[in-house]
Amino acid sequence: MSFDTTLPGLCLINAKGIDAPIVIKEKYLLMSVIPGKKPSISLLRSSILFLSLLSIVVALAACGGSGSGSASASSTSNGSATSTCNASTGLTLYSAQGYDSDMAHAFQKQTGITTKLVDDSTGNLLAKISAEGNVNPQWDVTWFDGNVSMQSLDDQHALLKWSSPSASNLTTLGKQYVASDNSYYPTGLTTVGAIAYNPKHIPAAGLPKDWSDLLKPAYKNLVAMNDPALSGPTYPLLAGLGQIMGGENQAKQYFSQLKSNGLQIFQTNNPTLNSVETGAREFGILQDSAIYSAIKAGQPINILYPSSGVVGLPSVIGIAAQARHMACAKQFVNWVLSPAGQSIMTHHDPTDGDTYFVPLVTGVTPVVTRRLTGINYVNLNLSQWSSVEAEYKQWFHTNIVQ
């Protein structure tokens, strides 16, 4: 009897220091045989088992004691070391955050782990992730504003479900935005649906108090907002108004009426804010962090929050289910959710809107000034709105943008 048995997952250091799977060649096994008797099957099996186990023990000792020569750092899955991060290979981060370059450089400096950053808009990143597919993604971590879009990735089985030990750092408010299956985590909170206005150009009717006011004739041709096809935070606004008004159809009716009342669509925050600054439009519906950065920059802008609510818009971070550098990715996410990582975010450029987030990690104090309390947050029904995102966006493009 002669055949080879390979034991996967084990390594054997050969004379040249090269790792190779252990191959037990049973034709070379020896045993003691009583003269004049055939070898017993039980004795044969016992000998094979003994030498096989001995080989495994020796191989494990060799693997554990050998050095590969590559830089590595330990990683955790649920707080205990389960794999290693190759620091020289590092990780690839797809991000739409204003402070992501600061974060990538700080993480690499503090840990020695190479961090490759792909910075783009949320819409472009989602298109890139979709094009790459789930089998061989080129990204390890993705990070952007809006848990609806992140939930869509989770629904497509694109995200890793894991328990970050740093999730214990989250505040009570922060824990509300953790995915139910732990596939993504919140890193900060802003809102979408705040209204920017120029105090030098307040109409005779005064400031609107709620969403329904914007449909009044007194506000005709005065309102602007972003295009959800290009502005990542704007789809959660569409979803949020649907939730506030009782459903998707009610929200579609509202936007149709708003268009009839002269709603103008711009691509992103900057042209929408510019229209308010110049007086071309009196009101811009935006992510509140963008409004706060405009105020900080000295622009003639102020902010109000509709009384029936604005959408809580968490910045969310997730790991690819088939990430090539999963151990490094976990270390990055754990660091982002730590006070050390959050400190880089809060000390980012005060003229960048992304700096104006509500901290969701215990003990983190914002450096910039923004409203933190008295906001009526609407928490979206993620399964409801992620399932209709493509259809809802297409409807908006066909009926409102065009």
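Every number here is computed from the coordinates shown, using simple stated rules; none is lab data. Keep in mind it's a predicted model, so treat the numbers as computed, not measured. Note that we place each Cβ from the backbone using ideal geometry, even for glycine, and neighbour counts take in every protein chain shown.
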For this session: Just subtract the alpha-carbon distance of N249 and A218 from 0.36 nm times their residue separation and send over the number in nm, one decimal.
Result: 8.7 nm
Seminar exercise, completed: The answer for V118, listing residues at least 5 apart or on another chain whose modeled amide H is closer than 5 Å to its amide H, is L93, Y94, S95
For this session: Could you calculate the contour length gain from T365 to D181, that is, 0.36 nm times the residue separation minus the distance between their Cα atoms, to one decimal place in nm?
Result: 63.4 nm
Problem set entry | Reachable aspartates and glutamates, given that their alpha-carbon falls under 13 Å from the alpha-carbon of K175 and they are not under 8 places away in the same chain | none
Exercise. When only Cα pairs under 8 Å and 6 or more residues apart are kept, what is the percent relative contact order across the range 283-402?
Worked result: 31 percent
Exercise. Taking neighbour counts of Cβ atoms within 10 Å as a proxy for exposure, in what order, fewest first, do R370, R324, R281 appear?
Worked result: R324, R370, R281
For this session: Show which aspartates and glutamates lie in cross-link reach of K216 when reach means a straight Cα distance below 16 angstrom and same-chain residues fewer than eight apart are skipped.
Result: E282
For this session: Give me the distance in nm between label points sitting 7 Å out from Cα along the Cα-to-Cβ direction at S338 and N270, one decimal.
Result: 3.5 nm
Seminar exercise, completed: Fewest-first ordering of M345, M150 by Cβ atoms within 10 Å yields M345, M150
Exercise. When a footprinting reagent is the concern and you count Cβ atoms within 10 Å, what order do S149, S168, S121, S289 take, fewest first?
Worked result: S168, S121, S149, S289
Problem set entry | Gain upon complete extension [Q322, K259; 0.36 nm per residue less C-alpha separation] | 18.4 nm
Exercise. For labels at L173 and H347 in the simple 7 Å Cα→Cβ model, what's the distance in nm?
Worked result: 2.3 nm
